[in-house]
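Below is one structure, written out as structure tokens, with a few remarks after it.
The values are calculated or read from the model by the stated rules, or taken from the named source; none is laboratory data. Since the structure is predicted, the reported quantities are computational estimates derived from the model, not experimental observations. Quick reminder, even Gly has a Cβ in these numbers, built from the backbone with ideal geometry, and neighbours come from all protein chains shown.
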Amino acid sequence: MTQLSTAQRRIYKAAVRLFAEKGATQLNVSDLAQEAGVARGTIYNNVENMDQLFQQVASQLSKEMHQRVYHSFAAVEDPAERLSIGMRLFIRRTHEEPHWGAFLNRFALGDVSLREMFYSQATTDVLTGLEKGRYRFPQSHLASVISLIACSTLGAMLLVLEGIKTWRDAGSEAAELVLRALGVPEDEAQRLASIELPLLPALD
């Protein structure tokens with residue numbers, strides 16, 4: 001993944017906040033500079049094309065979160081446990097970084113890069129779980145299963161953003177319900193949905 005400079009990280013973080021707040025995929029230079037606390041010239045020096053900024057931010061955010069989640073459960077072999085961890089990490093991060101969560105809630109299902117963040121690893125793990133007999137559903141339902149996982153995660157994130165549920169409750173309940181829907185027994189689904197979460201490692 002392309003490493004961002006300090007100025008670029010600051011600008012991208014400000015862009016995420018503005019995209020989330022405005023619900024639009026276009027920003028003007030003045031608003032972005034003010035939000036990032038930098039001069040307009042810094043924006044021009046670090047943003048190649050304002051018209052493409054949303055896609056650049058979405059792609060960077062997707063790759064970053066995908067890698068961090070992957071590293072967080074790299075040593076976990078059980079696909080059901082990996083699924084529980086992955087979903088709940090997204091929900092916990094929403095509590096820790098509300099603008100990040102709001103950005104995903106507004107745009108994740110409509111943007112290819114952001115959908116990939118949800119779909120790529122989940123698809124691999126779900127197929128592995130199906131092959132190992134951890135899950136019970138027709139493979140022809142795979143696309144619907146991945147959509148269920150993504151929508152359940154985003155829905156739980158929204159509950160956290162709205163203050164309706166704590167991240168722990170929203171995460172555990174969403175993970176348990178998805179695991180049960182995939183055929184994991186109720187008691188085991190409850191256990192997997194409440195195990196302690198690992199840290200979300202920072203990227204070098």
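Restricting attention to the stretch 163-204 and to residues that are outside any loop (DSSP other than H, G, I, E, B) and among the small types (Gly, Ala, Ser), the residue that is surrounded by the fewest Cβ atoms within 10 Å (Cβ to Cβ) turns out to be Ala181.
Summed over the stretch 33-47, residues that are small (Gly, Ala, Ser) and surrounded by fewer than 17 Cβ atoms within 10 Å (Cβ to Cβ) total 3.
Inspection of the stretch 10-25 finds no residue satisfying the criterion of being crowded, with 17+ Cβ neighbours inside 10 Å, free of Cβ contacts under 8 Å to residues at least 24 places away in the same chain, touching a Leu at 6+ places or on another chain (Cβ under 7 Å) and not aliphatic (A, V, I, L, M). Every condition in (1) of a type in the set (Gly, Ala, Ser); (2) modelled with pLDDT under 95; (3) under 14 Å from the mean Cα position of the chain (by Cα) holds for Ala75 except the one numbered (3). Pairing residues of the stretch 122-136 that are among the basic types (Lys, Arg) with residues that are surrounded by 16 or more Cβ atoms within 10 Å (Cβ to Cβ), at Cβ distances under 6 Å and at least 6 apart in sequence or on separate chains, gives Arg134/Pro79; Arg134/Ala80.
When every residue of the stretch 41-64 is checked against the conditions, none turns out to be charged (D, E, K, R), over 13 Å from the mean Cα position of the chain (by Cα) and under 18 Å from Gly171 (Cα atoms).
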